[in-house]
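Structure first, commentary second.
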Amino acid sequence: MIYQLAALGAGLCFALSPFFSVNAVRSLGSVRFNKWRMSVVFFMLAAMAFVTDGWRADLLDWWLGIVISSLVGIFLGDTLLFLGLKRMGPRRNTVIFALNAPMTVFLGWMFLDEKLPLSALIGALMITSGVITAVAFGRNKKQQHNLEQTQGKLLVAVSITLASALCQAFSLVILRQAMESGIDPVAASAVRVGIAALCLLLVAFIANIKNPDKAANKVPMTPLIFLQISASGFLAMGLGMTLLLFGLKGGDTGIISTLSSISPVIALPILWLLMKQAPAANAWIGAVLAVCGTATLFLL
């Protein structure tokens, strides 16, 4: 049960992170935001792994899987996720990204031969359905907020976030055996984030060389934006992803991914407080469905 609880803890971290991210993403752009975020989080995780003696030789046995997982799940996946966030805001971005849970269940069955019992499949379906209901239909027509504004075509934004969800699903499946072997989740997270940070720094360097005028006109980094980036990075990549990787050490990939995707339901009271508007009835229906699905996974 500890692995499932870790996944729920990751979901809580993922629920809080976007509220620190959205304004910084819209100020800096998705690639620049992610570059700063990964760099800050790498030093956080590297220090944590050093203190907890997580830098062990067994990391080298799984270096290829960790590298591929980093490139697919963080460098590509997170960049696409924040590009989608910039285009359509946190609500719709979250509901599309929640589809990474059923994607992970399918990929776990296909590549890892994970055969979930019927009760687990029903619970996972209830959670995913509850999340989609809570986010997609959980707002009254009169409820508007600047975070909900769409930039560009909605179909393009949906496609971008859907690709991000697929990247996340693939990266978890790739990491499953490595985490099951017993490598330290904090150190593994540090390596993944460090590789992604190097790639993003390289992309930014090339972009600055090709277009120096655009680089000179960038929005400056302010203390407030840096604090937002640091808080978002610590919650999502530092604490949240480490809990998720810990969950993969002993839990089925699809179940762990599904439990961590409950973050939109956890975010309902936060949205209520932020927007000063009670969520619609459908949001609470979705929340109840997700909670029942979670109970099914834990009790049956």
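The values are calculated or read from the model by the stated rules, or taken from the named source; none is laboratory data. All figures in this text were calculated on a predicted structure; none of them were measured in a lab. Note: ideal-geometry Cβ built from the backbone for every residue, glycine included; neighbour counts use all protein chains shown.
Tell me, please, whether a residue that is modelled with pLDDT of 90 or more, polar (S, T, N, Q), part of a helix (DSSP H, G or I) and under 22 Å from the mean Cα position of the chain (by Cα) can be found in segment 280-297.
No.
Please verify whether Ser30 is crowded, with 20+ Cβ neighbours inside 10 Å, touching a residue at least 12 places away in the same chain (Cβ under 8 Å) and in contact with a helix residue (DSSP H, G or I) (Cβ under 7 Å, 6 or more places away or on another chain), treating the condition exactly as stated.
When the stated conditions are applied, Ser30 passes them.
What number of residues in segment 1-56 are farther than 16 Å from Val193 by Cβ and under 16 Å from the mean Cα position of the chain (by Cα)?
Qualifying residue count for the region: 14.
Looking only at segment 116-157, which residues are among the charged types (D, E, K, R) and at pLDDT 80 or above? Steps first, please.
First pass over segment 116-157, keeping only residues among the charged types (D, E, K, R): 139, 141-142, 148, 153.
Within segment 116-157, Lys153 is the sole residue that qualifies.
Taking the options Met221, Met241, name whichever one is crowded, with 24+ Cβ neighbours inside 10 Å and of a type in the set (A, V, I, L, M, F, W, C).
Met241
Is it the case that Lys249 is free of Cβ contacts under 8 Å to residues at least 60 places away in the same chain and over 15 Å from Gly11 (Cβ atoms)?
Details: free of Cβ contacts under 8 Å to residues at least 60 places away in the same chain: no; over 15 Å from Gly11 (Cβ atoms): yes.
In short, no.
If the requirement is being in contact with a Gly (Cβ under 6 Å, 6 or more places away or on another chain), surrounded by 18 or more Cβ atoms within 10 Å (Cβ to Cβ) and within 20 Å of Phe170 (Cα to Cα), which of these qualifies: Val95, Val41, Val105?
Val105
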